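Below: the structure, in structure tokens.
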Amino acid sequence: MSYITDKLGRPLRDLRISVIDRCNFRCTYCMPREIFGRDFAFLPKDQLLSFEEIERLAVIFVGLGVKKIRLTGGEPLLRRDISTLIEKLTAIDGLEDIALTTNGMMLGNMAKKLKDAGLKRVNVSLDALDDTVFKTINDSNTGPARILNSIDKAKEAGLGVKVNMVVKKGMNVQEIIPMAAYFKEKGIPLRFIEFMDVGQTNGWNYQKVITKGEILQLLNQHYRLEPIDPSYRGEVARRHRYADENAEIGFITSVSESFCASCTRARIAADGMLYTCLFASEGFDLRQLLRSGMSEEALKSTIEAKWNNRTDRYSDERTEASAAKKKKIEMSYIGG
Ligand code: SAM
């Protein structure tokens, strides 16, 4: 096994694989219905990587140092037979962790099968507990009760569960304390995600961001919280624990405290494009190489060279002007 590093000395440790670009929600900050409506051209089936192709790539990436794979999308549970893919990934020697990010809508019925296939953990996205607020955000008819039920089912099935809440000004700030209270009681880690300038369609600007500092200030009025040291190099969430209980929260601070220096993550979009940053403008077509009959060795050297040349540090350098100017890939396609 080789351990490769990029131009800034960062190793390759994590791989996010988007398995589908479709989603059953239309969250206003991610896949607004005006853009992702009936006429939107999603990827046709033959352009998605097959499970065999994903497996081939996963083996190569693990050979280059990847320890953890996260499946995402779009909504990964919409990909037919996803548990078959998880079984294939579970069998890869050297891969230590397989996780999945989901909106939770279909998780309740699938949790046990996913766990049996080898999945270890799920991150469930939930931005509000209030029925009206949640339905307004996801622009569908699914209320929070269904997602909360899925979370319980996932726990019962033995999956590790964390909950991710994107916080955006004017959208769900009033939900911060109810969400914190609910998941503290359940003992489930809740992570607050700063609204990020991914893609071109979500109308991002700094004024809509609620930072970690602002959220903490609010939480400190209700709870006694203390910071926790990172549990490993490159841990993305800034974690805090409740002083009086065995529960914790975390922050994903891509905007207010960027973490490019410790970013060890590559991403493969649903059509096989490789990206070395969430905010990338351009990717590298791995599907074409996979389908060209290229050998595993040649594929491995090509991917290694891509990582060796990586210099991305978009969030470190972000300004209002650079965010407005740069063309970026949609989150639903590159995989959140
Ligand atoms: N459908 C799955 C889900 O809902 O978790 C996986 C894909 S979704 C793109 C992954 C995560 O990205 C979700 O938690 C979503 O809220 C988050 N997300 C999407 N757009 C975002 C943005 N502009 N800023 C911060 N988080 C965002």
Approximate shape of the chain as ellipsoid semi-axes (Cα gyration tensor, √5λ), whole Å, largest first
30, 22, 21
In what order do Ser292, Ser322 fall by count of nearby beta-carbon atoms within 10 Å, going from fewest to most?
Ser292, Ser322
If the chain between Glu317 and Lys169 were fully stretched, how many nm would it gain, using 0.36 nm times the residue separation less the Cα-Cα distance?
51.0 nm
The stretch 9-37 scanned against label point 7 Å out from Gln200 along Cα→C-beta; backbone N under 17 Å for 30-37
Pairs Lys168/Lys325; Lys68/Lys112; Lys112/Lys184; Lys67/Lys208; Lys168/Lys327; Lys135/Lys326: which are spaced more than 26 Å apart, C-alpha to C-alpha?
Lys67/Lys208; Lys135/Lys326
Roughly speaking, what is the stretch gain from Phe42 to Ile228, that is 0.36 nm per residue apart minus the C-alpha to C-alpha distance, in nm to one decimal?
62.8 nm
What is the order of His240, His222, fewest Cβ neighbours within 10 Å to most?
His222, His240
Any chance you could give the angle, 0 to 90 degrees and rounded to 10, that helix 176-186 forms with the longest Cα principal axis of the chain?
80 degrees
Residues Tyr206, Tyr333, Tyr223, sorted so that the one with the fewest Cβ neighbours within 10 Å comes first:
Tyr206, Tyr223, Tyr333
Of the DSSP beta bridges with both residues in the chain, give the percent that are antiparallel, rounding to the nearest 5.
30 percent
Please report the net charge: other residues with Cβ closer than 11 Å to the Cβ of Gly283, K and R +1, D and E -1.
0
Using Cα atoms only, what is the angle between the long axis of helix 51-63 and the major principal axis of the chain, expressed in degrees (0 to 90) to the nearest 10?
90 degrees
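Each value in this text was obtained by applying a stated rule to the coordinates, not by laboratory testing. Because the structure is predicted, anything quoted here is derived from the model rather than measured. Using ideal geometry, Cβ is built from the backbone for each residue, glycine included, and neighbour counts are taken over all protein chains shown.
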